[in-house]
Amino acid sequence: LELEITESVAMRDPVRTGVLLRQLRGLGVALAIDDFGTGYSSLAYLKQLPLSCLKLDRSFVMDIEHDPNDAAISAAAIQLAHSLGLAVVAEGVETFEQVTHLRELGIRSAQGYVFAPPLPGSAFLQLIEAIEADARLQQEETGKAPLGADAVCRQNPHHEPNRIKKGPAPLVHAVAPA
C-alpha cells in the first residue's frame, strides 16, 4: 500500500505530519510526496520525512524537452531523490519525447495521458487484461511481446495517434482509484 501526500499539505504542519507519517511507515505503508517542487517546502523535510517516493510535478515535465530550466530542475530533483534512496515517478507525461527525456534523466516510472487517462479500478483492470491479451497475440504472431506504452496506447480508447508519436517503450506506473 502506498499513500500519497501533496507537498503543500505536508508542509502545513510539518512536525505533526512527520509524526503521522512515521507511524504509517512503521505499519509498512509506503509514502509518496506528490506534486514535488510546487510548494514551499524546505529540502530538509525530504530527509526528515520517512518517504519512499517523490512524484515530480507535471509542471516540470510538460516542457522538459524544450525548456532547459525545466530539464535542469527535473534532473536536480531526480538526482536528489535517488541520492536519498527515493523512487521517482514523473507525473503528467503526455508524449514519447517526454518519456525519452525522462528515461535519460534516470526516471523508470511515469504516469500520464501518454499511457491512459485516470481510470476507475474496473476500467483499469479491463485495460490491463486487454494489454495482456494483445501481448499474448503479438507474441504468438511474432515471437516477441510488445512492451510498455506501445501496448497501452493501442488499447487506450482516448489515444490520439496524431498527438502521441511512436517511440521507445517506457516502463508504466499506473495508479487506479478503488
Inset, instruction - Determine the per residue accessible area of the stretch 1-149 with all protein chains present and a 1.4 angstrom probe, expressed in square angstrom. - result: 54 Å²
Inset, instruction - Enumerate the calculated ³J(HN,Hα) couplings along the stretch 119-125 in order (Karplus 6.51 cos²θ - 1.76 cosθ + 1.60, θ = phi - 60°), each rounded to whole Hz, writing x wherever the residue is Gly or Pro. - result: 10, x, x, 5, 5, 4, 4
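What does the highest-first list of 81-87, 110-116, 45-51, 29-35 look like by mean Cβ count within 10 Å?
On the way: 81-87: 14.9, 110-116: 22.1, 45-51: 16.6, 29-35: 19.4.
Averaged packing, sorted descending, gives the order 110-116, 29-35, 45-51, 81-87.
Roughly to the nearest percent, how much of the accessible area of the stretch 1-114 is carbon and sulfur, given a 1.4 Å probe?
Numbers: 3210 of 5830 Å².
Accessible surface attributable to carbon and sulfur in the stretch 1-114 totals 55 percent.
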Inset, instruction - Would you mind classifying the stretch 53-133 by shape? Square roots of the alpha carbon gyration tensor eigenvalues, ordered a ≥ b ≥ c; an a/c under 1.5 is rounded, otherwise it is prolate if a/b is larger than b/c and oblate if not. - result: prolate
Inset, instruction - Take the alpha carbon atoms of the stretch 1-72, find their center, do the same for the stretch 75-133, and report the distance between the two centers in whole angstrom. - result: 16 Å
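Decide, for the stretch 1-135, between rounded, prolate and oblate: order the square roots of the alpha carbon gyration tensor eigenvalues as a ≥ b ≥ c, take rounded if a/c falls under 1.5, and otherwise choose prolate if a/b is larger than b/c, else oblate.
Details: a/c = 2.13, a/b = 1.25, b/c = 1.71.
The shape class here is oblate.
The values are calculated or read from the model by the stated rules, or taken from the named source; none is laboratory data. Note that the structure is a prediction, hence the values are computed from the model and not measured. Every residue, glycine among them, receives a Cβ derived from its backbone with ideal geometry; neighbour counts consider all protein chains shown. SASA here: full protein model, heavy atoms, side chains in, ligands and nucleic acids out. Shrake-Rupley method; radii C 1.70, N 1.55, O 1.52, S 1.80 Å.
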